[in-house]
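In what follows, a structure is listed as structure tokens, so that the remarks can point back to it.
The values are calculated or read from the model by the stated rules, or taken from the named source; none is laboratory data. Bear in mind the structure is a predicted one, so any value in this text is a computation, not a measurement. Note that we place each Cβ from the backbone using ideal geometry, even for glycine, and neighbour counts take in every protein chain shown. The protein model used for the area step is the full one, side chains on, heavy atoms only, and it has no ligands, DNA or RNA in it. Shrake-Rupley method; radii C 1.70, N 1.55, O 1.52, S 1.80 Å.
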Amino acid sequence: MRLRLKILLLAILPVLVALAATTWSMARQGMALAREQQAIVEQAWLASKESELQHYVRLAYSVIEPLAERDDEQARIQALDLLARMDFGPDGYFFVYDEQGVNLMHPRQPELVGQNLFDFQDASGQKPIRLLLEVAREGGRNGKPVRYLWPKPSAGGHVAEKLGFVASLEAWGWMFGTGIYLDDVEVALAQVDAAAQDSIHAMQRQAIAIACLAILLVTGCALALNISDHRHADARLRQLARKVVYSQEEERARLSRELHDGLSQMLVSVKLMVETAQNSLARHQQVCQAPGHSLDEPLARALERLHQSLAELRRMSHNLRPALLDDLGLPAALRHLAAECSPEGENPAALQVNVSESGQAVPLPEAYATTLFRVAQEGLTNIVRHARATRASLILRYAPDGVELVIQDNGTGFGGGSSESEGGIGLRNMRERVEMLGGRLRLDDAQAHGALLRAWLPLPARSPDFSSTVSA
């Protein structure tokens, strides 16, 4: 993931988290507020309705109380008629029962008149008429509220919870009262709750819309101005760097072949001709040359210089592009490189290099083999020049997903640096080569027993950049 994209995500993610937290907190607080509002409205509504019902009952009591003083049948009939005509809406009416639970008047359910409902049970098993009589005796003429279940006339007899207010007329032994059905209250409260929910959702939608618009603007501007161009530029730079490296290797290989096949052959031919001339002069020295003017010594020095030139030419050719890397593979090239750093002889201070392999060997792409060989070459060069080591090891490890080259020595480190960031241009070149192929290069230069260099390269299953491979 690109650095600029990471920065953009780091700028957007906190906004998204803050938006989510704000929206959740807004919804939670809104729901709590709606519940509190609903409870307050319900309490106020019920208190208002209780007060209203109490007012109706007292008004009815004041109307029939003068008639109760007469204590005759005509007065009772007149009182029932007055109460029957006192209503307030389709579900607002008065009802009258005697002390035995016999219905004396019911304007909405006249079929109940004359029936004894003292033991009548509702759907919940409660006996509402008995409950009304008990509450009326407790409330007396002032009345008292009560809740019970009763069929609702406007709903076709559907049973609903009712808030009633009943009082007793002791002179005649009556219980009378009125009430309202609470499902109307529930409908009103549901409307209040729905309005609160709509308001909360509207605020949430507005907050989300504003945040999304801001994020889209930021993202669009950033993508339009930076990310696209930098992606193309970065891709071009990587491609150019690969081409430069490949061109360098190709040029090294070409020069190596030219030196080996052209100049080297010419020098060998000159060497043979000088040797032939030396042998001819040795046979005809008495005839062709006076005493004291022998050409053996100049020819011997010329041959020695030719030997040195051929050795230097082979060394240069090998450093440019080892033929073993192309012919026999990376392990053979590493062993040859180790042999060059471990010359045979009587020098006890010579560097002894051991090469080993582990894991299941797999064919390596040409660029991978070349990179690991250059890492080993640069690493051994640093050990020889700076580490003052006597032993070193090259370990080539194969894994299912990659290959690793480990270089370790018993010296003092690559110039004394404590971290790989302090290395010279050689280490920087190695790191660039490895990272260009998607790998990692790690240098631990502060160990008690020398330095440890690790170069790891991932092996792609199929890559168009590396069509040719070198056998491992």
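A few notes on this one:
- Within the accessible area of region 140-184 (1.4 Å probe), percent carbon and sulfur: 49
- Å² per residue, accessible surface of region 41-187 at 1.4 Å: 49
- In this structure, the amide hydrogen of TRP174, modeled 1.01 Å from its nitrogen in the peptide plane, lies closer than 5 angstrom to those of LEU169, counting only residues at least 5 positions away or on a different chain.
- Extending 7 Å from Cα along the Cβ direction at GLN100 and again at GLN239 yields two label points whose distance is 10.9 nm.
- In Å², nearest 10: area of LEU33 left accessible to a 1.4 Å probe: 110
- Distance between the 7 Å Cα→Cβ label points at ALA160 and TRP24: 4.0 nm.
- Straight-line reach from LYS49: taking Cα to Cα under 26 Å and skipping same-chain neighbours fewer than 8 places apart, the lysines in range are LYS127, LYS144, LYS152, LYS162.
- Looking at region 64-135, the GluC sites (Glu not before Pro) that sit in a DSSP loop and have at most 15 other Cβ atoms within 10 Å of their own Cβ are GLU69, GLU99.
- Surface composition of region 1-74: carbon plus sulfur atoms hold 61% of the accessible area, using a 1.4 angstrom probe and ignoring ligands, DNA and RNA.
- Straight Cα distances below 17 angstrom link LYS243 to the aspartates and glutamates ASP234, GLU251, GLU366, GLU432, GLU435, ASP465, with same-chain residues fewer than 8 positions distant left out.
- Treating each Cα of region 98-150 as an identical point scatterer and summing with the Debye formula, the log10 of I(q)/I(0) at q = 0.17, 0.30 Å⁻¹ comes to -0.56, -1.23.
- Binned Cα-Cα distances of region 37-172, short to long, each 5 Å bin given as a whole percent: 2, 9, 17, 24, 23, 14, 7, 3, 1, 0, 0
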